[in-house]
Amino acid sequence: MCKLLFRLLFSLSIWFSFLAVPFAAAEDELPSGQLNASNVMLSSVTPKIIGGIDSSANEIPWQAYLNMTFPNGNGGQSTFVCGGVVISQDVVLTAAHCLRNGSDTVTTQNIKVWAGGVSLFSFSSFNAIDVSEFVIHPSYNSARFANDIAILKLATSLPSTAIPIKMTDSATQNRVDNAFDLGWVANSEREPNLLVSGWGATDPNNTSSGSTRLRQTVLSGVPDIACDAQWGSNMSPLDYPIFLCAGSVSPTLGRDSCFGDSGGPLVWQDPQASSDSDFGLRLVGLVSFGNGCAGILPGVYTEVANYQSWIEQEVGAAVNTQPTSIFASNPFTRDYSNAGEGLGSGGNVTPNSGDGDGGYIGGGGMLGLLVVGYWRRRIISIV
């Protein structure tokens, strides 16, 4: 279940020249007719968040942009593009599947990281950050899409314009789950309680759409029972802490993360900390996968709170005791009123009864997704 979008991200004026090719239906199905990078038009652009708005400078300073390069077996190389999240000046979280291409795992020298900007044209070989070490979660399972999280340890600090975001802990996650239960209404308007951002696809039906500027939109958290009912699986309680679901704020508005957004941030605002210098903004999830984009089914995210102990074990407890960040603005106050109009179905979900825990998919449902869903990353091939 791998979401691949093969298309241009940078022009020849950027550190690497990329080319646009059609997206494939599975991670290992690369296109045979790959174009030479020298034929790329300067006007080609990258797609982005579905039903979003342009991000302002310094508005989403925790957003990272990742580039992973693998040998493609044809004497060239294939480059995956994903999102990431800054949790300290030298640590970035992303999706585990971004670091794998079939049976191959990327090497540290073939990962590049950028953060602290909104335009892809501001990223170049001169300001790319190298990765000294990465850690894929030891229980990551690509067949079941479980534990889709990885840690990147950077060789040097990110620029000052890249500002870390606090992660949700277990106590805060309980409040998040309650907010999802109270804010979700089937087939009607829902509480806009989540923020997603990235440079992924902007039109679910047009892979050539988009721009090179970071985009953002607000979503609504889907309770686990409602999400499970929509995906059509029997949930396992053991899987509840792994996944979190999010859908559009209205059945009439198509909003979602999409191709190229994998590993990017899903953010909730904690009302108990809204007066703090970081507006109480908390990282709750990482973009993982979905069935198409802005369709009936909610998008699925890796729930970050479940991995706090593992993250501290890998990078130290100080990652959760840093001074509160100072953010320039609160992105939840932006006007998203008509964002996503005319795109997708908006996610008409019929809930079952029961208490929620953030919207999770059981093991049986994970296997079923192999037929219908794809990872939310993209790949571009260099020859």
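The values are calculated or read from the model by the stated rules, or taken from the named source; none is laboratory data. The model shown is predicted, which means the values in this text are computed figures rather than measured ones. In this analysis, Cβ positions are derived from the backbone assuming ideal geometry, glycine residues included, and neighbour counts consider all displayed protein chains.
Of everything in segment 253-271 that is aliphatic (A, V, I, L, M) and closer than 14 Å to Gly84 by Cα, the residue that is surrounded by the most Cβ atoms within 10 Å (Cβ to Cβ) is Leu266. Checking each residue of segment 183-193 against the condition of being of a type in the set (Phe, Trp, Tyr) and at pLDDT below 95 gives at least one match. The residues of segment 325-340 that are in a helix (DSSP H, G or I) and either at positive phi or surrounded by fewer than 17 Cβ atoms within 10 Å (Cβ to Cβ) (or both) amount to a single one, Thr333. Scanning segment 122-131 for residues that are surrounded by 13 or more Cβ atoms within 10 Å (Cβ to Cβ) and either under 16 Å from Ile87 (Cβ atoms) or touching a residue at least 60 places away in the same chain (Cβ under 8 Å) (or both) gives Phe123, Ser124, Ala128, Ile129, Val131. Among the residues of segment 244-303, those that are more than 16 Å from the chain's Cα centre (by Cα), within 22 Å of Ile225 (Cβ to Cβ) and of a type in the set (Gly, Ala, Ser) comprise Ser250, Gly295. Within segment 103-138, if we keep just the residues that are among the polar types (S, T, N, Q) and in a loop (DSSP other than H, G, I, E, B), the residue that is nearest to Arg215 (Cα to Cα) turns out to be Ser124. The set of residues in segment 131-175 being over 29 Å from Ser329 (Cα atoms) and either assigned by TED's automatic domain parsing to the domain that holds Trp310 or of a type in the set (Lys, Arg) (or both) consists of Arg144 alone. Evaluating Asp104 against the criteria (1) farther than 30 Å from Asp276 by Cα; (2) touching a Leu at 6+ places or on another chain (Cβ under 8 Å); (3) among the charged types (D, E, K, R) leaves one unmet condition, (2). Scanning segment 143-163 for residues that are closer than 15 Å to Leu286 by Cβ and not hydrophobic (A, V, I, L, M, F, W, C) yields Asn147, Asp148. Examine segment 316-324 for a residue that is buried (at least 17 other Cβ atoms within 10 Å of the Cβ) and either out of contact with any Pro (no Cβ under 9 Å at 6 or more places or on another chain) or of a type in the set (Ser, Thr, Tyr) (or both), and state whether such a residue exists. Looking through segment 316-324, none of the residues is buried (at least 17 other Cβ atoms within 10 Å of the Cβ) and either out of contact with any Pro (no Cβ under 9 Å at 6 or more places or on another chain) or of a type in the set (Ser, Thr, Tyr) (or both). For segment 303-317, a residue qualifies if it is without any contact (Cβ under 8 Å) to a residue 40 or more places away in the chain and part of a helix (DSSP H, G or I), and the qualifying residues are Ser309, Glu312, Gln313, Ala317.
Of all residues in segment 232-252, those that are more than 16 Å from Ala146 (Cα to Cα) and modelled with pLDDT under 85 total 1. Criterion applied to Thr94, Thr69 was being more than 30 Å from Ala328 (Cα to Cα), in the same structural domain as Ile136 (by TED's automatic domain parsing) and either surrounded by fewer than 22 Cβ atoms within 10 Å (Cβ to Cβ) or modelled with pLDDT of 50 or more (or both), and the one residue passing it is Thr69.
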